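The values are calculated or read from the model by the stated rules, or taken from the named source; none is laboratory data. Remember, it's a predicted structure, so these values are computed and weren't measured experimentally. Here the Cβ is made from the backbone with ideal geometry for all residues, glycine too, and neighbour counts use every protein chain on show.
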Amino acid sequence: MDECEKAKYIDNLWDSSDDNMLRLFFGRKLYFLKQFDIEMMKIAHPDVYEIETVEYGKKYLESLPLHEIGKIRPDLEKMLRDSTFEKYTDSEGNYHCACCGFTDKTRAPFHVDHIIAMNNGGKSVLENLQILCHRCNGEKGDK
Ligand SMILES: [Zn+2]
């Protein structure tokens, strides 16, 4: 396939995928295109695919805010949120704010927060996530 044929093929594939699995799964054309390049590379260089693209995909996701991860990998967003809440659960099943220690039985009063803000290079990884009550989260946002 030359570049022109490839572009046509991609557009057709995208346009014909109104609400089928492709669009549901990829959501955004940019991600779809990246994924398509990966597929092409897999065919051309099967040996380097495993190590390099798995790493790349992981790094790409880690650099996104949680709600963006959720658009691409809802399962991963859920896992990160669940695991973060788990880190701040005591033996009685109560959640507590990482900042002031406010405790509640439900998740509703808490936000999942990046310890190092994404603006400062923080990543969406479990080690960099904590839960804050709405008040602490608001105060952090004001700084
Ligand atoms: Zn708090």
(message) Condition first: part of a strand (DSSP E or B) and within 14 Å of the ligand (Cβ to nearest atom). Now tell me which residues in segment 93-115 satisfy that.
(response) 95, 96, 103, 104, 110, 111, 112, 113
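Would you point out which residue out of 71, 78, 42 is loosely packed, with under 15 Cβ neighbours inside 10 Å and modelled with pLDDT under 80? Let's see the steps before the verdict.
On the way: 71 fails: modelled with pLDDT under 80; 78 fails: modelled with pLDDT under 80.
Only one candidate qualifies: 42.
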(message) Conditions first: (1) assigned to a loop (DSSP other than H, G, I, E, B); (2) within 11 Å of the chain's Cα centre (by Cα). Residue 77 passes all but one, so which condition is the exception?
(response) (1)
(message) I'd like the full set of residues that are within 14 Å of the ligand (Cβ to nearest atom) and either hydroxyl-bearing (Ser, Thr, Tyr) or surrounded by 12 or more Cβ atoms within 10 Å (Cβ to Cβ) (or both), limited to segment 116-143.
(response) 130, 131, 132, 133, 134, 135, 136, 137, 139, 140
(message) Within segment 119-142, does at least one residue satisfy the condition of being part of a strand (DSSP E or B) and either modelled with pLDDT under 95 or within 30 Å of residue 32 (Cβ to Cβ) (or both)?
(response) yes
